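Quick one: the structure is below, and I'll ask about it shortly.
Derivation of every value follows stated rules applied to the coordinates shown; laboratory data play no part. Nothing here was measured: the structure is a model prediction, and the numbers come from that model. Positions of Cβ are backbone-derived with ideal geometry, glycine not excepted, and every protein chain shown enters the neighbour counts.
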Amino acid sequence: MRNMQSRTLLAAALFAGTLACHGNAHAQGAPQSITERRTDVVQLASGYRASKLTGADVFNKNKDTIGTVDDLIVSPGGDRRTYAILSVGGFLGMGKHLVAVPFNDLQITNRRVVLPEATKKSLEALPEFKYAD
């Protein structure tokens, strides 16, 4: 009798395991090729939030206001570079000139965005940035 109970329990366990395996295979679909990377979340949390940078004044090394951060864009493709879209010139949003500069060119210290060697004139001379439709 005891041997019979052991066989019944073993058969039930195997059956349950088989159902679980088949259930997971259907529930999860095709295997994924995602590579995990560990992220230092403490360090990341001290980074720059796009929502906080948008609208920030941009200064040069002489502390002149030379523009405003209008947006941040990550380029398509494999390189995934980030660009700051700066609004230069204009008055009350009229006649503003948008330009793209590599985000790495900006220096952020003491909550101030600085593009050290730039001037309003040098930024206005850059090709105008236009959003894709």
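Between Ser46 and Ser122, what is the label-to-label distance in nm when each label sits 7 Å out along the Cα-to-Cβ direction?
3.0 nm
Only bridges with both residues in region 49-124 count here: give the DSSP antiparallel percent, nearest 5.
On the way: 19 of 21 bridges.
Counting only bridges with both partners in region 49-124, antiparallel ones make up about 90 percent.
Please report, in debye to the nearest 20, how large the charge dipole of region 49-124 is about its Cα centre when each Lys and Arg carries +1 at its beta carbon and each Asp and Glu carries -1 there.
The dipole magnitude comes to about 240 debye.
Let me ask you something else. Beyond 18 Å between alpha-carbons counts as too far, so tell me which of Lys96/Lys121; Lys96/Lys120; Lys96/Lys130 fall in that bin.
On the way: Lys96/Lys121 13 Å; Lys96/Lys120 12 Å; Lys96/Lys130 12 Å.
With Cα atoms farther than 18 Å apart: none of Lys96/Lys121; Lys96/Lys120; Lys96/Lys130.
Which length gain, in nm to one decimal place, applies between Arg38 and Ile108 when the Cα-Cα distance is subtracted from 0.36 nm times their residue separation? Before the final figure, lay out the partial values.
Working: separation 70, 0.36 × 70 = 25.20 nm, distance 2.56 nm.
This chain segment gains 22.6 nm when fully extended.
For a quick check: with amide H placed at 1.01 Å from N, whose amide H comes under 5 Å from Ile66's, ignoring anything fewer than 5 positions away on the same chain?
When sequence neighbours closer than 5 places are left aside, the close amide H contacts are Val58, Phe59, Asn60.
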